[in-house]
Amino acid sequence: MNRRAQHTDWDHVWIGADLATMRAGAEPYGVMRDAALAVKGERIAWIGTAIEARGRVGQRSIPVHDATGLWITPGLIDCHTHLVYGGNRAAEFEQRLLGVSYEQIARAGGGIQSTVEATRTAGHDALLAAALLRARRLSAEGVTTLEIKSGYGLDLNTEARMLTVARELGTRLPITVRTSFLGLHAVPRELAADRQAFVDRVSGPWLEAIASARLADAVDAFCDSIAFKLQETEQYLRAAQALRLPIHLHAGQFSDIGAARLAAQFGALSADHLEYVDEAAIQALAQAGTVAVLLPGAYYTLRQTHPPPVSLLRQAGVPMAVSTDNNPGTSPCGSILLMLNMACTLFGLTAEEALAGVTSVAAQALGLASDRGTLEVGKRADLALWRIGQPAELSYSFGSNPCAGIVQAGTVHRWSELEPQGGREQVGPIGEEVP
Ligand code: DI6
Ligand code: FE
């Protein structure tokens, strides 16, 4: 019998850290100071005071990590990304700097269509290599769960390839990947003359094929003035509902055509963007328990001026998540921490709401709230370790990364391993084992 198992129920314990548990309760951020957290297998096994932990550990041979001076939060959750794609759109960025709008570019056949071309021609390996780099950067900032959408294939083969690559990322990195089939993102060129044929195909045979290959954990659609109409979206969501697939919806990014209300009607897990949404729809989202996913990176990139109605969402009790929306067109953003800052500075979230937006609420947006998103005994041992003096620093500073390491499903990963080049110097000890 394993000596460790003989002596204790713990595989690892971090002692002396301050915890931002993100549990709802009296303390902001669910803070516990001078605390300890123990892990057994993939789960959090115990949380208590540092003093109590030292007593329990005694002479036993448990890997004890001195976490003095560190903060521990739940592993971060980036709940809305389009991280798998070919090429990039730097040339369109240059056009937009000259005054051409995103909508003009899209209507002229650029935008999403140009990424579709690049994604269709990229093979599996090229897509995977590019996506690995992007995902590693997020991982180095404490991300342990990542949602990835398809939607740049617009044919069944390429959509399936995108989702396959997304799933594969989860086996290459210490990250849980949740996939969404973004069936309705844009109409492909070859069906431009017959939108309905495309919607029928996506909602019928394609959705069935994706579902039966278990490539998607959920579905998504882009329901907006420059994308798909309410009725088209409804047809797709009905088909998804019949297959019992959970629903996310791009709603109100450019205009309010009633997409948020549709999300609520379908009991969607999340309605995303929500710059343009009326009060009645906000009430409907609250009633439905649908999470509002705020995406300040896209708002910033498009230089939009109409932020989501955060105080109305807050008053109505709609939970707010925050995400990168990592995509080549409107949010070529590799930093979840920058999104925390922008959610506060551009949208008016509190620093605590922003952190909840990438932990407890982001878990809810993915239907994973009972499993992760807070530090609680029994939850998955996905942790992020930080060299900060208080949790608000995660939202306050930008352009720097205080992540010291992560623990994913109970396994410890140091920051240096997660750097894209694999070798940046490690800055100081991160809860090194104490003999
Ligand atoms: N909304 C967005 O911001 C992205 N997709 C969507 O539905 C943009 C995608 C792109 O421009 O490539
Ligand atoms: Fe998006």
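The values are calculated or read from the model by the stated rules, or taken from the named source; none is laboratory data. Everything numeric in this text was worked out from a predicted model, so none of it was measured. All Cβ positions, even for glycine, are placed from backbone atoms using ideal geometry, and neighbour counts span all protein chains on display.
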Output the residues belonging to the range 261-305 that are within 12 Å of ligand 1 (Cβ to nearest atom) and of a type in the set (Gly, Ala, Ser). Gly297, Ala298
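Can you go through Ser370, Ser311 and tell me which one is among the hydroxyl-bearing types (Ser, Thr, Tyr) and touching a helix residue (DSSP H, G or I) at 6+ places or on another chain (Cβ under 9 Å)? Give the steps one after another, and end with the answer.
Working: Ser311 fails: touching a helix residue (DSSP H, G or I) at 6+ places or on another chain (Cβ under 9 Å).
On inspection, the qualifying residue turns out to be Ser370.
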In the range 237-264, what residues are of a type in the set (D, E, K, R) and within 20 Å of Pro307 (Cα to Cα)? Asp256, Arg261
All-but-one check, Ala106 against (1) at pLDDT 95 or above; (2) within 16 Å of ligand 2 (Cβ to nearest atom), failing number (1)
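Which residue out of Ile226, Ile175, Ile210 is surrounded by fewer than 17 Cβ atoms within 10 Å (Cβ to Cβ) and either among the β-branched types (Val, Ile, Thr) or under 22 Å from the mean Cα position of the chain (by Cα) (or both)?
Ile226
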Which one is surrounded by the most Cβ atoms within 10 Å (Cβ to Cβ), of the residues in the range 80-118 that are in contact with a Leu (Cβ under 7 Å, 6 or more places away or on another chain) and hydroxyl-bearing (Ser, Thr, Tyr)? Thr81
In the range 361-393, which residues are over 23 Å from Cys344 (Cβ atoms), small (Gly, Ala, Ser) and crowded, with 24+ Cβ neighbours inside 10 Å? Ala381
Residue satisfying all of: in the range 320-336; surrounded by fewer than 24 Cβ atoms within 10 Å (Cβ to Cβ) and away from ligand 1 (no atom under 16 Å from the Cβ); farthest from Ile72 (Cα to Cα) among these: Met320
